Amino acid sequence: MGAVSFGQRIGDHNRTVHGIDNPPEPGETHRPTGAIRHTYPDVIRGACAPPPGRRRYRSEVTSTARPCGRDLLVAAVVAAAQLVGGHAANRFAVAHGVAGVHPVDGLGYALLLAGPLVLVLRRAYPRAVFFTVLAIAVGYLFADYGYGPVFVSLIVAFLTAATRVSRWYTYPFVPVGYALMVWPVPALRGHPVESWQLAGLFAWLCVLVAVAEGVRQRHAVVVARRQRAEAARRNREAERARELAEREQHATEERLAIARDLHDVLAHSLSVINVQSSVALELFDRRPEQAATALAAIKTVSRDALGEVHALLHSLRAGAENGVAPTSPTVGITDLDTLLGPARTAGLAVRAVVRGTPQRLPAVVDGAAARIAREALTNVLRHAPGAEAVVTVEYSPDALTVTVDNERPPNAPQPSTTVGGNGIPGMRERAHALGGAVTTGPRADGGFHVGARLPLRTDRTTQENR
């Protein structure tokens, strides 16, 4: 995606799905790959283009648009106007004795008809048609058939070329044509042009240029408006794609977090069950009442673990069905009594200490602190059974500090038969993800210390608050 621009992808989409080639602007010979340009409306392209699903345009200068009913209709109307009007104008000039005007013969009618016939190809070859019709009109004048509607086909050809190709191919012929009509043509014919004819010709040429330029400017406005609309549409699509990608990424991160929670829940619960089952087996014959207490703890811990696993799986399933990011139902550090309940049920003597003013924590900080504390207590149960633990939660304006300290166990611990969970590396990963840190190490009295400092202002917490 990095090597292919968004414009290239849109262009490929247009060519593949809609069959649209974006043409260059008038006068351009090429366009950089992937540029998004709209074509002129049907009034310029012609209303008989293929349906939108199969449209394929080329350059405006070398377009291969085929003649259609619209072109034939224009040619027929112009032909009728030139034949009827040319015949009437010629008869009028001959009847009034206009100097140098001969009656229209077969050649004259052929010239009057040739211009409209060439107009059929005006959209496909605008420049060639313009030059051809210009030559026909000049030939008609040199044949001394007089002025008249012969210029209708030339006007249509000029407007078509002026609005479809660069100005440099059409506008320079306006003063050149006027100069020819003022001096060379009258001199070669031997009949001077009247002043009113020169003034009328000049006015017509000015009107033609003004109309052509007005049409070009209107088309430029239409194209610019369509380009802005297209750019806005692409921006909206890009924004929607970005939002979808962010939501998907957030959902993936939450699923991974829930998977880690599931791992922690199972590791903690199985560790407690392992310790209590070992105690129950050891005391089953000598102290059955303590064995019963251990079995009751196993029942409680296993029930709670099943409840948490069901809640986590329900969260994952609901998120997948609703298309939203799942949320973890894990107890936070702000609910210390509930958080420490499983450890106390397992027989661990846990004391909670809260320092500072409790405050509302970001969910990611609250959950991460609870998981770190739970993992530390699981390690105490696993590696220092019988030792007393102290969980200290300290609130400050910019960070939350959680420490778990345990004393030296009264007896040397038996080797743990459970597989290690996330452990200390998992704690460090959770803290590092929030910009915090975890410190661990033995204490001077033979116990162990776990401390985590989690900042309250991080990228994840800021995004969550928004």
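What follows is calculated from the coordinates using simple rules that are stated; it is not laboratory data. In this text the structure is predicted, and so the values were computed from the model without any measurement. Because the Cβ atoms are built from the backbone with ideal geometry, glycine has one as well, and the counts that use them run over all protein chains shown.
Points 7 angstrom from Cα along the Cβ direction at S302 and R233: gap in nanometres?
Distance between label points: 6.3 nm.
Which of the peptides 362-375, 282-295, 127-140 is most tightly packed, and how do the rest follow, judged by the mean count of other Cβ atoms within 10 Å per residue? Don't skip to the answer; put the middle values down first.
Working: 362-375: 23.2, 282-295: 13.9, 127-140: 19.8.
Per-residue mean Cβ counts within 10 Å order the peptides as 362-375, 127-140, 282-295.
Mind giving me the FRET efficiency for H449 and Q217? R0 is 60 Å, r the Cβ-Cβ distance, nearest 0.05 is fine.
Numbers: r = 79 Å, r/R0 = 1.32.
According to the calculation, E is roughly 0.15.
Give the span of the range 69-170's Cα atoms along each principal axis, as three whole-Å numbers ordered largest to smallest.
42, 30, 17
With θ taken as phi - 60° and the coefficients 6.51, -1.76 and 1.60, list the Karplus ³J(HN,Hα) couplings across the range 285-301 in order, rounded to whole Hz; mark glycine and proline as x.
8, 7, 9, x, 5, 6, 5, 5, 4, 5, 5, 5, 5, 4, 4, 5, 5
Determine the sum of side-chain charges near P116: Lys and Arg each +1, Asp and Glu each -1, restricted to other residues whose C-beta is under 15 angstrom from that of P116. Let's see the in-between values first.
Details: positive: R70, R122, R123; negative: D71.
Local charge sum for P116: +2.
Give the distance, in whole Å, between the Cα centre of the range 335-405 and the Cα centre of the range 145-163.
Distance between centres, Cα-based: 92 Å.
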